[in-house]
Amino acid sequence: MWIILVLPIAAYIFIHFVIGRVKNQSKYLRNVPGKKPFMIFGNLLDFLPGSIVFLDTLMGYLKTYGDTIIFHDGLFSWLLLTIDYELNEFLYSSSVHIEKSDQYEFFHEWLGQGLLTSTGSTWKNHRKVITPSFHFSILQQFVGVFNSVGDNLVKKLESEAGKDSVEISQLISLYALDVICEAAMGVKIQALEAGNSEYVKSIKEMCNIVSYRIFSCLPLSLYKLTWTYYKEKRALKTIHKHVDTVISQRIEEHNQKGKTNSDVDEFGVKKRLAFLDMLLDARIDGRALTMKELRDEVNTFMFEGHDTTSSALSFALFLIAAHPEVQDKLFNEQTQIFPLDWKNARASHKELTEMKYLDMVIKETLRLYPPVAFFARKLAQDVEFKGVLYPKGLKVMLFPYGCHRSPKYFSEPEKFIPERFENWAGKLPFAYTPFSAGPRNCIGQKFAGLEMLATLSKIIRKFKLAPAKPEHRMQMAAETILISKNGVKISLEKR
């Protein structure tokens, strides 16, 4: 009997909700084009094959409907997708619309309230105290890390030289993990040597799980009943235990340093600080960061400084291998900078800044293959823009991958032309945003830039790169970062 009473009430509430949403949509988002939603599925049926069709489908929408479109990710859920320059400039530059979209909630169990996921006063306070850690004078000390870990990478690549096809993305990923562990936490995990450690496996497990959840329709209540949820909890236990142990050790060392007031080792050599050491000295309103705040920021460094850089390096090597004329210019630049011993020289910070053509190659790689293909925001208040009223709470997807490949902003956008960045400074800054832009730009972009220069310089001087045999066609997918689902394959020959 109670069902007979409840059903009409439920139906009334549902209909009232539908009418409210329809009225709300009629007020807002007028004349914003987009593909019509199909029943309860919205536009999601176009994405059933998974992340491998995500980029091409979105690019198809933009080509068909325009630079700013509505995408329906459910019956009563939609987001705005844009590559419009002026809207990009407005949102990137805003100090109001800085809250990340709901998709970032999938990182919260892992990254907590670190710089990537936090908002409001938490984000502002942490950004303020962390920014000095990335001053160029401090970044110089990490060149030694790039060189020493880079030597280990070269040894691994030497064992692959002479083969017709070498899958490089996994080796590059382990290299980047070694670098960021030493830079962020001051510890050596030797991922290149022991790539199957529990910590390394757990980091990769979490990247896969977050990607899965972004593209999954399962609500949290059902997700908690899945085997994936169990794997997430197991991976997080390993990650947090490892990071907490390192933080505790560094706190103890930091306290001992305070007693001795010494920044040099037993041989009188100045100790290199990790980002964690600088966080231990940071203060927010006079107080030190809590254990959880330290863990969240270290985990954020690990995520953002690992996969994004390894993605960019892998794609750069693939493009260099496919363009011998570019590789020749790069090699000539290297021999000019290192005329005496170009093969074995260890680049200094000054020498890295002299690699102008390599810098252009990196910029062009990040244009074609930005590691973060899109940035999602949530409007903090109603926005009227170009005659359209966008509602507070609307999810907005800023789409660097689409901007970077638009002929409106780049001539011959599908071609790899590093020279286009020779005189790029100041031109259309909000059309080229591999590190985001404005207040929420990537705080570690200079660190990443130095790491890529050091790594590619070392590889180019040691090896001649060529396409894999048989020809390898990458299968691009936008997950937590931009990846090739079937790997990145080239061939290498010792110089």
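The values are calculated or read from the model by the stated rules, or taken from the named source; none is laboratory data. This structure is a prediction, so every number in the text was calculated from the model and none was measured. As a convention, Cβ positions derive from the backbone with ideal geometry for all residues, glycine included, and neighbour counts pool all protein chains shown. Note: accessible area is taken over every heavy atom of the protein model, side chains too, but ligands, DNA and RNA are not part of it. Shrake-Rupley method; radii C 1.70, N 1.55, O 1.52, S 1.80 Å.
Distances between every pair of Cα atoms in the range 66-109, grouped in 5 Å steps from 0 to the bin holding the largest one, split as 5, 17, 19, 24, 22, 11, 2, 0 percent. Considering only alpha-carbon pairs that sit under 8 angstrom and 6 or more positions apart, the relative contact order computed for the range 83-494 is 28 percent.
Solvent exposure of the chain, expressed per residue, is 48 Å² of accessible area, with all protein chains present and a 1.4 angstrom probe. Among the listed options [x] 84, 57, 42; [y] 63, 60, 54; [z] 78, 61, 39, the one matching Cα extents along the principal axes in Å as calculated from these coordinates is [x]. For the range 434-495, lysine pairs with C-alpha atoms less than 16 angstrom apart, excluding pairs fewer than eight positions apart on the same chain, total 5.
Could you tally the net charge around HIS349, taking each other residue with its Cβ under 13 Å from the Cβ of HIS349, Lys/Arg +1 and Asp/Glu -1?
On the way: positive: ARG346, LYS350, LYS446; negative: GLU351, GLU354, GLU451.
Every neighbour counted, the sum reads 0.
Tell me which GluC sites (Glu not before Pro) from the range 402-433 have a DSSP coil assignment and no more than 15 other beta carbons within 10 Å of their own. Can you show the working numbers first?
Details: sites: GLU414, GLU419, GLU422; in loops: GLU414, GLU422.
Sites meeting the loop and neighbour criteria: GLU414, GLU422.
Could you please state how large a percent of the accessible area of the range 83-494 is carbon and sulfur, counting protein chains only and using a 1.4 Å probe?
Values: 9520 of 18260 Å².
Carbon plus sulfur share of accessible area: 52 percent.
Residues in the range 274-283 carry Karplus couplings, in order, of 8, 4, 4, 4, 6, 5, 5, 8, 6, 9 Hz; the curve used is 6.51 cos²θ - 1.76 cosθ + 1.60 with θ = phi - 60°, and Gly or Pro positions show x.
Give me the net charge for the shell around TYR223: Cβ to Cβ below 13 angstrom, other residues only, Lys and Arg +1, Asp and Glu -1.
Working: positive: ARG213, LYS224, LYS231, LYS233; negative: GLU105, GLU109, GLU232.
Net of charged neighbours comes to +1.
For the pair the range 154-168 / the range 398-455, the C-alpha centres are spaced 29 Å from each other.
Restricting to the range 83-494, compute how many DSSP beta bridges are antiparallel as a %, nearest 5. Working shown, then result.
On the way: 21 of 22 bridges.
That works out to approximately 95 percent antiparallel.
Projecting the Cα atoms of ILE362, PHE301, PHE142 onto the charge dipole of the chain, computed from C-beta unit charges around the Cα centre, puts PHE301 farthest toward the positive end.
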